1. If each residue of separation counts as 0.36 nm, what is the full-extension length gain between LEU344 and TRP312 once their alpha-carbon separation is subtracted?
2. 5 Å is the cut-off here: which amide hydrogens, built 1.01 Å from N in the peptide plane, fall below it relative to LEU340, excluding neighbours closer than 5 in sequence?
3. Pairs LYS28/LYS59; LYS80/LYS230; LYS198/LYS246: which exceed 21 Å Cα-Cα?
4. Residues of region 261-365: accessible area per residue at 1.4 Å, in Å²?
5. Taking θ as phi - 60°, what are the ³J(HN,Hα) couplings along region 36-41 by the Karplus curve (6.51, -1.76, 1.60), each to the nearest whole Hz, with x for Gly and Pro?
6. What distance in nm separates the simple spin-label points at ARG63 and ARG84, each placed 7 Å from Cα in the Cβ direction?
7. Give me the dipole magnitude in Debye, nearest 20, for region 224-301 about the Cα centre, with unit charges on the beta carbon: positive for Lys and Arg, negative for Asp and Glu.
Amino acid sequence: MRDPYSVLGVRRNAGPDEIKAAWRSVAKAVHPDQNQDDPLATQRFAEAGRAYEVLKDPKLRNRYDYARREAELRRMEEMKRKARGQEEETIDPETAEDMISRIFAAGDRAKAQNTRAQEKKPAAAAPQAKTEPKPEPRPESKAETVAEPEVTPEQKPEPADKTPMFGGFPRAAAPAADLVSAIVRRIRGAASKPAPEKVPDIFCDVTVSIEDIFRREKATATLPDGQTLKVSLPAGTTDGSIVRLKEMGYRLNGMQRGDVVVAVRVLQDGRFRTDGTDLRTTLPVNIQDAILGCEMTVETLTGPVSVIVPAWSGSDHVIRLEGHGLQTAEGKRGDLLVELRLMLWEKPDEKVTDLMRSLRNGLFL
């Protein structure tokens with residue numbers, strides 16, 4: 001179940017009279033009889049009824065407010081716990097960058113040792129070439145054996161599988177994915193810190209009228225914690241549109257600030273109903289004008305407009321007025337769809353009654 005305050009479009013400190021008036025307005029707007037073309041009308045009407053049942057009862061309302069606050073506190077504590085968990089690390093863990101730096105540094109030392117060894121070999125080969133013609137006694141060969149350079153502890157290569165130690169504790173191994181990322185960054189020479197984790201987004205609803213969307217007025221959205229936020233309605237906004245407010249959500253240290261995701265709900269009461277960026281309205285027509293045709297006036301968002309009702313028009317006839325709907329995302333405007341509804345006169349007309357009776361019985365006057 002969605003937030004009952006958002007369903008009825010009322011503040012969290014609204015009184016009983018305000019809640020009752022809002023429920024009547026929403027119930028009238030989403031009633032299935034008024035929205036026969038909307039397959040979700042029954043669901044929305046039932047949702048409005050459940051929301052009113054919760055808010056009109058003080059006990060149920062207090063219980064819901066308490067549960068909502070507890071859930072919000074648990075959510076904030078969970079986010080804080082995750083933020084603290086990221087800051088706490090094991091004893092001197094060996095990150096992917098440290099491991100790659102150690103590997104590359106070991107490779108550089110090995111290359112330097114090989115280079116020094118290759119430089120010493122030619123110098124040692126030259127004296128041997130000169131002394132080959134002259135046989136030397138055995139004692140001198142022993143001296144040569146003793147004079148061989150000894151491997152100093154600094155030149156002893158360290159085992160590759162030896163794990164670095166810090167304070168007697170082994171370092172934690174870096175994950176394989178981090179190793180691959182660190183190698184790529186090392187090769188590219190652009191090692192950078194990973195992006196911080198993002199705080200979960202806040203979701204809420206805002207209820208506006210068709211006139212508010214047409215005039216591009218700012219709507220007031222109520223967040224779960226009771227705070228209000230002004231929301232600009234961009235071009236192309238209609239019922240069910242989603243407006244994302246970047247970095248306007250909760251803020252925690254060490255984490256990227258979350259967004260506020262606002263779902264737009266359009267009131268379907270009054271003269272117009274939304275159909276995407278198109279609008280629908282109803283034009284009552286009596287039987288005489290529907291059969292013979294006439295010129296009538298219909299209300300639009302910018303004022304009255306004259307329309308021609310064709311002769312022999314039924315209730316399923318729709319007149320399309322182009323450019324009289326809501327603004328689209330491309331800067332154009334949708335259309336106004338005028339639905340004809342046949343109406344009888346307020347008082348019975350005896351002539352029309354006799355004519356209909358004659359036609360039904362097959363009589364001709």
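1. Details: separation 32, 0.36 × 32 = 11.52 nm, distance 1.55 nm.
Value of the extension gain: 10.0 nm.
2. For LEU340, the qualifying residues are LEU283, HIS317, ILE319.
3. From the list (LYS28/LYS59; LYS80/LYS230; LYS198/LYS246), the Cα-Cα distance tops 21 Å for LYS28/LYS59; LYS80/LYS230.
4. On a per-residue basis, 64 Å².
5. With coefficients 6.51, -1.76 and 1.60, one gets 5, 8, 9, x, 9, 5 Hz.
6. Going from the ARG63 label point to the ARG84 one covers 3.3 nm.
7. Values: 9 positive and 10 negative charges, 112 e Å.
I would put it at about 540 debye.
The values are calculated or read from the model by the stated rules, or taken from the named source; none is laboratory data. Every value quoted in this text rests on a predicted model; they were computed, and no experiment measured them. Please note: Cβ atoms are built from the backbone with ideal geometry, for glycine as well, and neighbour counts cover all protein chains shown. Accessible surface areas use protein heavy atoms only, side chains included; no ligands, DNA or RNA. Shrake-Rupley method; radii C 1.70, N 1.55, O 1.52, S 1.80 Å.
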